[in-house]
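Written out below as structure tokens is the structure these notes cover.
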């Protein structure tokens, strides 16, 4: 039976309550100050792969949208990440974080040393958006519903617990606090409007579950590789490598 | 500079020596009898996803091959896994292993409960073979060069250490001991023949590295989820569920 929009929204929010990666132990470790400098660096390196792939995901989506109005509404996501004349963009902001934790930003930008499991998960998301229905693609983006809370907790936790944290290094998260609500308000309204049968609602909910898996898997891989007992896969970033002189800032 | 075929083969074998998943701690645990029944079951459930995807990978490859002779040579891989009138095939044999460790074979075959990281890694392999050059696709299959040793060690280790192990439950591995050498002899000769520039040799070597990442990531995910300290992601198989009455065999 088709749920009302309000019921369906509640179903989507319940998925976040149960499966969003704010519940992963790595985030507790990170936000509470329990990460070593190298664990923070490993997170910065791997999460960059996700950041850098998001505009490709959004371009894949737009490449399949025939409605100019929808493409126009979506385009600001790419601008937010890749930047404009007036806005450096999220990817550049993330590299400021890399600087702040003492990593060689060229190494981070090269994406070498990213965990294979990170690549597999993130690439699966880009491909999902390329291959699935537009409804599923938009629904998968709705993890942004749950992002502001984690970004606010992250800013507070990093500022309280790590010397590298300041307005410049955390500017990525502060900007997302402004950008994400606009994106997700549009995406949520679009999904509630277009998921007008029980079958479509199930598909949209499954897409959101898929996306929570993509996020959770990245933290699982990070935790397994770099948190005790660390087991770094062949070829992935090794602690104490690719650092810049200012590495002591990441403490 | 282009390496000679013998030099290039040595380079490929070195990749296996450094990165093949026989070096992963999960395999040591499994083959030495250190796995609990539920850890063996988690391995059976997740590895099934890989087995079940391999014929799709081979079909994706054949869908891009214009040479009937190459398609004909490749076709036996699909037959080996999916079966023929005279041969039940590797997927059915794997489900016999599922029976033997007390799992509900319908649950295993449904692929529900597979770790998201397993899906992402295996799907990345299928997509790689669909998207990359034929040379890279064949080169990625060359992890079979290193498989007979691990299959022999597995048969010996499982027989010595687990009650569920017998000729029937381990028939998948015994058959692969016969099938894999034929496949890999063809694949290796094809790669050595076609990788006739330094650039192609680099691409083929990178494809083999990619494939070792696919295999390693699956064991990493399994280890992180089900070996101490276990951290099972949302939605993945939970120990003590989906068992059949004969579960006590998996001891």
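Results for (1) in a loop (DSSP other than H, G, I, E, B); (2) over 22 Å from residue B:41 (Cα atoms); (3) out of contact with any strand residue (DSSP E or B) (no Cβ under 9 Å at 6 or more places or on another chain); (4) at pLDDT 90 or above, shown as yes or no for each residue.
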{"site": "B:155", "(1), (2), (3), (4)": "no, no, yes, yes"}
{"site": "B:179", "(1), (2), (3), (4)": "no, yes, yes, no"}
{"site": "B:224", "(1), (2), (3), (4)": "no, no, yes, no"}
{"site": "B:234", "(1), (2), (3), (4)": "yes, no, yes, no"}
For residue B:147, state whether it is modelled with pLDDT of 95 or more and either within 14 Å of chain A (Cβ to nearest Cβ) or part of a helix (DSSP H, G or I) (or both).
no
Extreme residue, surrounded by the most Cβ atoms within 10 Å (Cβ to Cβ), among residues of the range B:123-155 that are closer than 29 Å to residue B:102 by Cβ and free of Cβ contacts under 8 Å to residues at least 60 places away in the same chain:
B:147
Positions within the range B:73-96 being farther than 15 Å from residue B:172 by Cβ and part of a loop (DSSP other than H, G, I, E, B), in sequence order:
B:85, B:86
May I ask you to verify whether residue B:186 is assigned to a helix (DSSP H, G or I), in contact (Cβ under 8 Å) with a residue 24 or more places away in the chain and buried (at least 16 other Cβ atoms within 10 Å of the Cβ)?
yes
If you take the residues in the range B:193-203 that are surrounded by fewer than 18 Cβ atoms within 10 Å (Cβ to Cβ) and in contact with a helix residue (DSSP H, G or I) (Cβ under 7 Å, 6 or more places away or on another chain), which one is nearest to residue B:137 (Cα to Cα)?
B:203
Quick one: in the range B:101-122, of everything that is touching a helix residue (DSSP H, G or I) at 6+ places or on another chain (Cβ under 6 Å) and part of a helix (DSSP H, G or I), which residue is surrounded by the fewest Cβ atoms within 10 Å (Cβ to Cβ)?
B:105
Yes/no for residue B:70 being at pLDDT 95 or above and part of a helix (DSSP H, G or I)
no
If we keep only residues of the range A:236-246 that are buried (at least 18 other Cβ atoms within 10 Å of the Cβ) and in a loop (DSSP other than H, G, I, E, B), then the residue nearest to the other protein chains (Cβ to nearest Cβ) is A:236
Taking the range B:18-44 as the region of interest, how many residues are within 13 Å of chain A (Cβ to nearest Cβ) and out of contact with any helix residue (DSSP H, G or I) (no Cβ under 8 Å at 6 or more places or on another chain)?
3
Give me the pairs, please: first residue somewhere in the range A:63-84 and loosely packed, with under 14 Cβ neighbours inside 10 Å, second residue anywhere and part of a helix (DSSP H, G or I), beta-carbon distance under 9 Å, and either six or more positions apart or on two chains.
A:63/A:130; A:75/A:58; A:75/A:62
Does residue A:206 fit the bill of being closer than 24 Å to residue A:141 by Cα and either crowded, with 20+ Cβ neighbours inside 10 Å or more than 7 Å from chain B (Cβ to nearest Cβ) (or both)?
yes
With criteria (1) surrounded by fewer than 21 Cβ atoms within 10 Å (Cβ to Cβ); (2) at pLDDT 85 or above; (3) more than 14 Å from chain B (Cβ to nearest Cβ), residue A:251 comes up short on (2)
What's the number of the only condition in (1) out of contact with any strand residue (DSSP E or B) (no Cβ under 7 Å at 6 or more places or on another chain); (2) more than 14 Å from chain B (Cβ to nearest Cβ) that residue A:128 fails to meet?
(2)
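For (1) assigned to a helix (DSSP H, G or I); (2) within 19 Å of residue A:227 (Cα to Cα); (3) in contact (Cβ under 8 Å) with a residue 24 or more places away in the chain, each residue gets a yes or a no:
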| position | (1), (2), (3) |
| --- | --- |
| A:3 | no, no, yes |
| A:6 | yes, no, no |
| A:15 | yes, no, yes |
| A:29 | yes, yes, yes |
| A:45 | yes, yes, yes |
Of A:164, A:173, the only residue that is in a loop (DSSP other than H, G, I, E, B), closer than 23 Å to residue A:91 by Cα and away from every other protein chain (no Cβ under 14 Å) is A:164
Looking at this structure, is residue B:197 modelled with pLDDT of 95 or more, farther than 22 Å from residue A:118 by Cα and away from chain A (no Cβ under 14 Å)?
yes
Which of (1) over 19 Å from the mean Cα position of the chain (by Cα); (2) without any contact (Cβ under 8 Å) to a residue 12 or more places away in the chain; (3) under 23 Å from residue B:80 (Cβ atoms) does residue B:229 not meet, given it meets every other one?
(3)
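The values are calculated or read from the model by the stated rules, or taken from the named source; none is laboratory data. The model shown is predicted, which means the values in this text are computed figures rather than measured ones. Quick reminder, even Gly has a Cβ in these numbers, built from the backbone with ideal geometry, and neighbours come from all protein chains shown.
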